[in-house]
Each structure stands twice: as structure tokens, then as C-alpha cells.
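To start, the structure under review is shown below, and the notes come after it.
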2 protein chains.
Amino acid sequence: MREDNPKRLENINANLVFMSELVGTAIATATTALLTDDLSLAEQVISNDDAVDQLNSEVEVLCFRVAALDAPMATDLRMVMGGIRMATSLERMGDLAVHIAKQVRLRYPNPSIPADLQSTFQEMGDAASKIVAEAGRVIQSRDTTLADKMKQYDDTLDRLHRDLFTAVLSDSWSHGVEAAIDVTLLSRFYERFGDHAVSLARRVIYIVTGEPYANN
Amino acid sequence: MREDNPKRLENINANLVFMSELVGTAIATATTALLTDDLSLAEQVISNDDAVDQLNSEVEVLCFRVAALDAPMATDLRMVMGGIRMATSLERMGDLAVHIAKQVRLRYPNPSIPADLQSTFQEMGDAASKIVAEAGRVIQSRDTTLADKMKQYDDTLDRLHRDLFTAVLSDSWSHGVEAAIDVTLLSRFYERFGDHAVSLARRVIYIVTGEPYANN
């Protein structure tokens with residue numbers, strides 16, 4: 001039985017990488033939907049999230065199967081225990097892409113964001129797409145040096161979120177209260193997306209090194 | 001070895017119930033801090049969250065220990081697998097209480113919410129406290145009929161959140177953009193708190209009945 005262990009662990013990893021790809025597509029598509037007020041793209045993000053949820057459940061089953069059948073130790077045990085947490089992070093990131101898409105649907109056919117914030121949200125979308133792509137690479141390669149790059153993208157998302165607050169609260173804000181709330185929530189979704197990616201990277205570092213990591 | 005299984009499962013359950021109590025204290029304290037602009041209460045919520053995070057990690061270790069040592073089946077297996085998810089929900093609820101407390105700290109010594117919204121946030125705080133108390137009872141008793149009551153409190157939180165949106169966007173809103181964003185975010189934290197409690201209840205239903213449940 002024990003010779004199946006590496007294969008089962010590979011299977012967990014492959015599922016997590018696949019989840020990261022689906023979430024990458026979701027956040028990129030949600031951003032395009034947001035920037036172009038495209039309802040059908042928004043609907044696509046919303047309905048495709050089921051596949052992410054399904055993989056999340058599958059990873060959970062796989063992790064417990066390895067725990068029960070293979071009695072893993074050390075790195076393998078951390079991988080199996082961390083697998084569920086990483087799947088949870090990716091599932092939450094998928095939910096955040098869905099939140100963005102639902103905001104597009106809510107405002108359609110009106111634009112979801114004022115024209116003068118298009119470039120800000122484009123930047124947020126780019127950073128979010130890059131951070132989840134890195135997350136996929138970190139899961140696949142276990143190369144923890146990639147985590148630093150993720151931190152940079154997360155810093156970008158944090159900065160954009162702060163800048164947006166400043167813009168919304170400045171005297172020159174001319175789009176009213178509803179738009180102010182909309183863009184703040186949207187920006188927060190991107191910022192949280194980055195946080196979850198970083199917490200996933202921390203998990204990988206813990207799996208690889210066994211060193212305790214800060215809680216998310 | 002196998003005779004220890006019920007004890008280990010009990011231990012998981014006891015940790016989850018304890019987590020629910022800590023989170024109950026956190027949300028009640030955060031609400032009081034919010035309504036009375038009490039910085040020291042807010043700081044208390046923020047620093048006490050470490051204990052919730054710690055329990056979250058402990059539940060994870062316990063669940064994998066049972067999986068590895070006892071090869072649980074049926075309800076026990078679902079309990080062990082669900083334990084990690086329930087701990088995650090409670091940990092997220094604790095984070096949301098912290099988000100509320102941090103908002104109080106951010107605005108201190110200014111009031112965090114306008115006086116005319118005090119009663120709304122009091123209601124939100126009450127519903128959130130009740131829903132987490134029910135969550136603790138559901139975990140302890142496995143009495144899934146209690147889940148219906150939780151759904152009611154969650155409906156209350158959803159309704160209050162919608163009403164708040166309406167108030168903020170009405171012509172009579174006189175508190176400006178910053179306060180509009182603040183109260184919308186705060187209200188969203190309570191609303192999400194309810195969602196996580198309901199997802200936890202769904203998990204218990206799945207553990208008890210084995211029937212598939214909607215994904216959170």
C-alpha cells in the first residue's frame with residue numbers, strides 16, 4: 001500500500017495546481033468583466049466557481065485518505081495537513097473573483113467603476129493574476145524563494161487599496177456615495193485576494209521547512 | 001489504541017466549542033467597543049484572537065491524529081474531516097470580530113459610527129452573538145434542528161445589511177462618504193460573520209446525516 005503514497009501526494013498537488021489555474025482564469029475574467037461591463041463574462045466567472053468548490057472537496061478527501069492509509073511523517077504529513085488549508089485559500093480566492101463578478105452583474109448595464117479608475121483596477125487585476133500564477137508555481141515547485149515575489153504583488157495590492165481610499169475621500173471625488181462604496185468593496189476584494197495568496201505561500205514554506213509560520 | 005478514539009473525538013469537539021465561546025466573546029466585545037468607542041476593549045479583541053488561531057491549529061493536528069491512528073469511518077470520519085472546516089469557519093469569524101475592532105481603533109477617539117445607526121449595529125451585534133452561541137450549541141449537541149434558528153439570525157443580519165445600504169444611499173444621508181464606507185464595511189463584517197456560522201451549521205448537518213450539503 002505504501003508505494004502508492006507518492007502518487008497520492010502528487011495527486012493532491014496536481015489538484016491544487018489545477019485549482020490555482022481555475023482561480024487565475026476566474027480573477028482575470030472577472031477583471032475583464034469589470035473593465036468592460038461584460039455581463040456574460042461575469043456570469044461565466046460565477047458559474048465556473050462550482051469547479052473550484054468541487055476540487056476543494058476532492059483535496060480534502062485525498063488528504064484524509066493519505067492520512068488514513070499511509071500514516072505520513074514529516075514533510076509528507078505537513079503536505080497532507082497543509083493541502084486542506086491551501087485548498088481553502090484557493091477556494092476563498094475563487095469566491096472573491098465571484099464577488100467581483102456579482103458586483104458587475106448588480107450594476108449592469110451601468111458601468112461598475114468610474115472611467116477615471118479603470119487604470120487602477122487594471123493594475124489590481126494584473127497584480128492579482130500574477131500573484132495567483134506565482135501561487136501555482138510555488139505549489140508545483142516548492143520553490144519558496146518565489147514567495148518573496150508574491151509578497152511584492154501583495155504589497156502592490158495593498159498600496160492600490162490605500163490609494164483608492166485616498167481618491168474616494170478627496171474633495172475631487174465627484175461620483176457620489178454609491179460609487180464610493182462600490183469601488184471600496186471591489187478594491188477590498190482584490191486586497192483580500194492577495195492576502196489569501198500570501199497565506200497559501202506561507203503554508204508552502206511551512207511544508208518545506210517545518211518552521212512555524214505566522215497565522216493567517 | 002482504538003479505545004482512545006471517542007476520547008480524541010471528544011477532544012476535537014471540546015476545542016471547537018471552546019473556540020465558539022472565544023469567538024462569542026470577541027464579537028460581543030467588538031460590538032461594545034464599536035458602540036461605546038472604547039479603544040481598550042477593541043485592543044482586547046485584537047490581542048485575544050491569537051488564542052482562537054492557536055485552537056484552530058490544534059484542531060487541525062487533532063483531526064489528523066485521529067485520521068492516522070484510528071482510521072475512522074462514517075460519522076467519525078466526517079467529524080474528523082469536518083473538524084478542520086469548522087475550525088476554519090470559527091477562525092474566520094474571529095478575524096471578522098478583529099476587523100470590527102480595528103475599525104474602532106482606526107477612528108478612535110472619533111466615534112466609529114453615526115449616532116443614528118447605533119441601534120442598527122446593536123441589532124447586528126445581538127444577532128451575531130446569538131448565531132455564534134447557537135453554533136456552539138449545534139457543535140456540542142449535534143442537534144441539527146438548531147440550524148434553522150441560525151438561519152433566522154443570518155436572515156436578520158442580511159436584512160440589516162440591506163437596510164443599511166438603503167440608508168447610506170438615501171438623500172437623507174448626511175454623514176459624508178467616509179462614514180458611508182465605514183458603516184458599509186462594518187455591516188459587511190457582521191453579514192459575513194453570519195454566513196460563516198451558517199456554513200459551519202451545514203457542516204454539522206453533513207456530519208450527522210451524511211447528506212451532501214451546499215458548499216460555503
Cβ density ranking, 10 Å radius, fewest first, applied to B:D37, A:D195, B:D143 yields B:D143, B:D37, A:D195
Can you give me the P(r) profile for the protein assembly as shown? Cα pairs, bins 10 angstrom wide beginning at 0, each as a whole percent.
5, 21, 31, 28, 13, 3, 0
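Can you pull the mean other chain C-beta count within 10 Å for peptide B:78-91?
Partner Cβ neighbours, averaged per residue: 2.
Extension gain A:D158-A:V61, at 0.36 nm per residue separation less the Cα-Cα distance, in nm?
Contour length minus Cα-Cα distance gives 31.5 nm.
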Chain A, closest residue to the rotation axis toward B, by beta-carbon, whole angstrom:
A:A67, 2
The exposure ranking of B:E58, B:E10, A:E191, B:E178, fewest beta-carbon neighbours within 10 Å first, is B:E10, B:E178, B:E58, A:E191
I'd like the orientation of helix B:146-169 relative to chain B: the angle between its Cα long axis and the longest Cα principal axis, in ° from 0 to 90, rounded to 10.
20 degrees
To test your reading of the geometry: what angle, between 0 and 90 degrees and rounded to tens, separates the Cα axis of helix A:39-70 from the longest principal axis of chain A?
20 degrees
Counting only other chains, what is the mean number of Cβ atoms within 10 angstrom of the Cβ of each residue in peptide A:29-37?
0
Label distances, nm, B:L39 versus same residue in remaining copies, Cβ-directed 7 Å point
5.0
Pairs of lysines in the protein assembly as shown (C-alpha under 25 Å apart; 8 or more residues apart or interchain)
8
Based on the alpha-carbon gyration tensor of chain A, what equivalent-ellipsoid semi-axes (square roots of 5 times the eigenvalues) come out, in whole Å, largest first?
36, 18, 11
Taking the 0 to 90 degree range and rounding to the nearest ten, how far is the long axis of helix A:176-209 tilted relative to the main principal axis of chain A, both from C-alpha atoms?
20 degrees
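So what's the net charge close to A:A101: Lys and Arg +1, Asp and Glu -1, counting the other residues with Cβ under 14 Å from its Cβ?
That sum, taken over residues with Cβ under 14 Å, equals -4.
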Given a Förster distance of 35 Å, report the FRET efficiency between A:D171 and B:Q140 from their Cβ-Cβ distance, rounded to the nearest 0.05.
0.05
Span per principal axis, largest first, for the Cα atoms of the stretch A:11-85 (Å)
50, 18, 15
With a 10 Å Cβ neighbour count serving as the proxy for reagent exposure, in which order, fewest first, do A:Y190, B:Y206 appear?
B:Y206, A:Y190
The answer for the net charge of residues other than A:L41 whose Cβ lies under 13 angstrom from its Cβ, with Lys and Arg +1 and Asp and Glu -1, is -1
In peptide A:173-182, what is the residue-averaged number of other protein chain Cβ atoms found within 10 Å of each Cβ?
4
With point charges of +1 on the Cβ of Lys and Arg and -1 on the Cβ of Asp and Glu, referenced to the Cα centre of chain A, which listed residue (A:M124, A:L169, A:A87) lies farthest in the positive direction of the dipole?
A:A87
In order over the stretch B:26-33: 3J(HN,Hα) from phi, Karplus 6.51/-1.76/1.60, θ = phi - 60°, whole Hz, x for each Gly or Pro, gives 4, 6, 5, 5, 4, 5, 4, 4
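Bear in mind that the values in this text are calculations on the coordinates, not laboratory data. What you see is a predicted model; the values in this text were computed from it and never measured. Note that we place each Cβ from the backbone using ideal geometry, even for glycine, and neighbour counts take in every protein chain shown.
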